[in-house]
Amino acid sequence: MKTVEQHISDVLRLVDPLEPIELDLLRAHGAVLAEQVDSPVSLPGFDNSSMDGYAVVAGDLAGASEEHPVRLPVVADIPAGDASALAIRSGYCARIMTGAPMPSGADAVVPVEWTDGGQASVAIGRPARVGNAVRRSGEDVEKGTTVLRSGVRLGAAELGVLAAVGRKAVRVHPRPRVVVLSTGEELVEPGSAIGLGQIWESNSFMLTAAATDAGCAAYRRGFIGDDPATVLETLDDVLSQADIVVTTGGVSMGAYDVVKEVLSRLGTVHFDKVAVQPGMPQGAGTLGESRTPIITLPGNPVSSFVSFHLFVRPALRRLRGLPAGPPPTVRARLTAPVASPEGRRSYLRAVLTYDGGAEGVAYSAEPALRQGSHQLSALAETDALIVVPEGTTALDAGSVAEVVPLPALD
Ligand SMILES: Nc1nc2c(c(=O)[nH]1)N[C@H]1C(S)=C(S)[C@@H](COP(=O)(O)OP(=O)(O)OC[C@H]3O[C@@H](n4cnc5c(N)ncnc54)[C@H](O)[C@@H]3O)O[C@H]1N2
Ligand code: MOO
């Protein structure tokens, strides 16, 4: 059997970061930057006040106190956005608002709270040091400085910086278009009546949501039956809309395992047993002249979910321009024993809790009682996967294991 790492590396060989495109800032939210952004300006762009108050020459206030305030004539009023390039000299002051440009000659701002708030003249009851409440040009960003490096995921703060340095649009790797398609003659659309032997289809909803959570533009193509011609036609049909196709079902040893049957014949998609539980039967390759990557996951719902995280997510990360690789893990103490088949690495559903625990192990992991590949409800009650290595068939309660926290929505 193939190792998990071999399969991840085979999957990653199928994908490259998507060609960068230019997107307006809000459309680029969540995408990965494909350029280095150097600021064309200094930020702040000019010396300005950080408080509402009075711009003064600090030396004028040397003796100021509550009992003996210094009174200065107010010669100007400077709101934010003022473009009149005012100047003051010793013995005078200007009323100034937060963000307004400092008048030349002034070297400090006294907040209005230190004064009587006068408009024609003002009594100031405290001295101010030079530079008080003044934001200097360039103290955030010097002109020419790199503010964002290529490869950064554009979140709220990054979009804020881009706008602040005047960018309207940026070059990013676009969100990968992921088409999710399930197969199985027994499947019925939720909301419709089911008959004997039928089930409501769930994988394509789950994996479309997982791909969206993974920063992709995910499209649920739904499901089709086990007719080989329909499978090929449908795949052909979705290729032009997909940067990657993810299917579920039909990859095992059954007489009607149609995905494996039709795609094996093409020669560009390979099927293997991977030494993992759940998620053993896997396929990956490319389709059509476009060589669109396809990952074929097993149909058991928990198997499809776990293998999405193990094998599809790294591919999606690479398409997005992010570093790919196995999901990160934390060490956690098990609250109950777990078992694993010989020679396969298990990923067991668990609830992960931060408890600050002893001996450098800050988490505990409570394994779900239902670990079957079909037991989807246990998946919805858990938030992590306990990793039991290939060479281990049992771990006792209290032992320490690597645990993959599943990505949370917040
Ligand atoms: N003789 C063998 N049988 C099986 C093996 C094996 O090695 N030898 N492997 C088992 C393992 S492990 C898995 S996992 C499954 C994978 O099977 P398939 O990928 O071929 O999936 P299906 O047979 O189509 O379905 C399996 C199971 O999951 C349900 N299912 C499928 N699609 C959906 C969906 N979209 N939504 C909800 N549920 C779905 C389906 O009804 C089946 O119950 O094979 C084992 N067998
Ligand atoms: O590997 Mo299958 O995914 O055990 O159920």
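Each reported figure results from applying straightforward, stated rules to the coordinates on display, with no laboratory input. Predicted model only: the values in this text are computed from it and were never measured. FYI the Cβ positions are ideal-geometry reconstructions off the backbone, even for glycines, and counts take in every protein chain you see.
Our note on the geometry: Cα centres of region 345-391 and region 54-123, 63 Å apart.
Can you check how the C-alpha radius of gyration of region 330-405 compares to 2.2 N^0.38 Å, as a plain ratio? Working shown, then result.
Numbers: Rg = 11.6 Å, N = 76, 2.2 N^0.38 = 11.4 Å.
Compared with the compact-globule rule of thumb, region 330-405 sits at 1.02.
For 257, 140, 38, the sequence from fewest to most other C-beta atoms within 10 Å is 38, 140, 257. Note on residue 358 and residue 35: the extension gain reaches 111.8 nm, defined as 0.36 nm multiplied by sequence separation minus the Cα-Cα distance. For residue 242, neighbours were defined as the other residues whose beta-carbon sits under 13 Å from its Cβ, and their charges (Lys and Arg +1, Asp and Glu -1) total +2. Just give me a number: lysine pairs in the chain, eight or more positions apart or cross-chain, with C-alpha atoms less than 26 Å apart. Value for the chain: 4.
So, by mean Cβ neighbours within 10 angstrom, what's the order for 159-166, 82-89 with the highest one leading?
Packing proxy ranking, top to bottom: 159-166, 82-89.
Packing, taken as the mean count of other beta carbons within 10 Å per residue, orders the peptides 168-177, 336-345, 277-286, 350-359 from highest to lowest as 277-286, 168-177, 336-345, 350-359. When you filter the GluC sites (Glu not before Pro) in region 29-127 for DSSP loop state and at most 10 other Cβ atoms inside 10 Å of their Cβ, you are left with 66, 67.
Just to check, using Stokes-Einstein with a Kirkwood Rh over alpha carbon pairs, what's the diffusion coefficient of the chain at 37 °C and 0.692 mPa s in µm²/s? Value of D from the Cα-based Kirkwood radius: 128 µm²/s.
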